[in-house]
Structures are given as C-alpha cells and as structure tokens.
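The values are calculated or read from the model by the stated rules, or taken from the named source; none is laboratory data. No experiment lies behind these values; they were computed from the predicted model shown. Don't worry about glycine lacking a Cβ; one is built from the backbone with ideal geometry, like all the others, and counts go over all protein chains shown.
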Amino acid sequence: MIRPYADSDLEQLLDVWYRASLVAHPFLSEEFLANERNTIAEQWIPLADTTVHELDGRVAGFLSLIGDEVGAIFVDPEHQRRGIGRALMDTARAARPHLALSVFEANSIGRAFYAAYGFEFVERRFSEETGQYELRLRLGERH
C-alpha cells in the first residue's frame with residue numbers, strides 16, 4: 001500500500017535507506033553513511049514530500065520529493081524487483097509533470113532502474129563530498 005509518510009515511519013524508513021545503501025552504494029564509507037543518516041532524519045525528511053510503500057505493516061520502500069527533485073527513492077533489498085520502486089515513481093510522476101534526480105555513476109542498480117523508467121542523461125559531475133561522480137537525470141512530460 002502506498003501512503004503518505006508519517007513521523008512514526010522514520011526509524012523504519014532510515015533502516016530501509018541504510019540496507020538499500022549498503023547494496024547500491026558499497027563505495028561509500030560507514031562514516032559517510034552514519035552522517036547521512038542523521039542529515040536525512042534532521043534535514044531532508046522534514047523538507048520533503050515523502051511517500052512510503054507499506055508491506056505487511058512495515059515500510060518496504062519510500063520516495064522523497066522536494067519540488068520536482070527526487071531526493072531519494074529506496075526499496076528494502078528483501079523487496080526489490082517486485083515493482084515497489086516503479087509504483088513509488090509512478091506516484092511521484094502523477095504528482096509532478098517533470099522529475100529530476102542525481103545518481104552515483106557507480107550505482108549500477110539505480111542507473112538501470114532510472115534508464116528503464118525513461119530518465120535521460122543531463123550531465124556528469126564530481127562530488128567533492130563523496131569523491132564519486134554523479135549523473136544528473138531528468139524525466140519530461142508524458143506525451
């Protein structure tokens with residue numbers, strides 16, 4: 001079931017983010033992930049319009065939007081490849097005519113998902129914070 005985020009979802013959401021990050025972002029340090037977890041909880045979630053996918057009473061995935069920016073989309077590794085990410089993206093797509101996001105170039109899982117969904121490459125840039133290249137992608141209006 002897709003529903004709006006509730007404050008009571010925070011710990012489950014952060015656990016999904018962490019487990020999915022370990023799979024998709026093995027190149028990020030544990031120190032970076034620990035700092036990012038705090039930043040997500042304290043800074044990004046309060047700013048974002050977040051939707052969760054609940055399965056058996058637990059958060060199985062989530063998507064956070066800030067304007068037209070997909071700030072985060074993560075699905076618990078135990079539930080990946082079951083359409084949860086697509087359903088979350090479809091919900092965001094229905095709410096916004098244009099979507100944009102950044103993905104680590106080394107994140108082959110995310111890049112494959114975004115390509116299959118129809119996102120197009122805009123630019124490549126280096127992140128000083130992570131030491132990784134990021135790809136900027138966009139999704140235009142449906143025709």
Kindly provide the set of residues from the range 1-26 that are over 12 Å from the mean Cα position of the chain (by Cα), part of a helix (DSSP H, G or I) and under 24 Å from Arg111 (Cα atoms), ordered by number. Asp15, Arg19, Leu22, Val23
One residue from Arg138, Arg96 being modelled with pLDDT under 95 and touching an Asp or Glu at 6+ places or on another chain (Cβ under 7 Å): Arg96
